[in-house]
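Reading through the structure tokens given below for one structure.
Values in this text are rule-based calculations from the coordinates and carry no lab data. The shown structure was predicted, so the numbers you read here are calculated from the model rather than taken from an experiment. As a convention, Cβ positions derive from the backbone with ideal geometry for all residues, glycine included, and neighbour counts pool all protein chains shown.
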Amino acid sequence: MPRLPLTTLACLALALGGAFVAGCGGDDEKDSDSSAQSQSPAAKPGTNSSGGTGGTSASEETTVEMEGSKFVPEAISVAVGQQITWSNKDGYAHNVTSTAGEKINSGNIDGEGTFEFTPKQAGTIAYTCTLHTDQDGKITVTK
């Protein structure tokens, strides 16, 4: 007789184990939403790309990628008040530091991180990554 309870317990354990595994799967739709919204510590909400060249509306955003120790695109034009987002696509740190024009100092931006800046005055801003000597960019800011 001791064999019957052991068999019953084994079947019960298998049934509960299967239910536990099935419950761990989650909703695919919910998982993809949360991964799309996860951000690195340097990332900020509400960023998107508008093709990297900028537009005329101050409400548009422009994205510059830091990839292969280059700013892509290297030169952009934006309007005063138009947000610029730098997105680090490399697995190592970069920064955005102005060398002429309005002051920009991002500090180090880790891999997959972002930095946002909104120019407040018209003019030309030259900038560099102080960690990589040949990584330079230029922003033309219009009214």
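A few points about this structure:
- Taking amide H as placed 1.01 Å from N in the peptide plane, A79 has its amide H under 5 Å from the amide H of G55, T142, each at least 5 places away in sequence or on another chain.
- Other-chain or far-sequence residues with amide H under 5 Å of V96's (modelled H): S106, G107
- Ranked by how many other beta carbons lie within 10 Å on average, peptides 132-141, 118-127 from highest: 132-141, 118-127
- Backbone HN-Hα couplings from phi across the stretch 89-106 [Karplus 6.51/-1.76/1.60, Hz, Gly and Pro as x]: 9, 8, x, 9, 6, 9, 8, 10, 10, 6, 10, 7, x, 4, 6, 10, 8, 7
- The length gained on full extension between E74 and T124, counted as 0.36 nm times the residue separation minus their Cα-Cα distance, comes to 16.7 nm.
- Per-residue Karplus couplings for the stretch 114-126, computed as 6.51 cos²θ - 1.76 cosθ + 1.60 with θ equal to phi - 60°, are listed in order as 9, 9, 10, 8, 10, x, 10, 9, 6, x, 10, 10, 9 Hz, Gly and Pro entered as x.
- The packing ranking of peptides 98-104, 61-67, highest mean first, is 61-67, 98-104, where packing means the average number of other beta carbon atoms within 10 angstrom of each residue.
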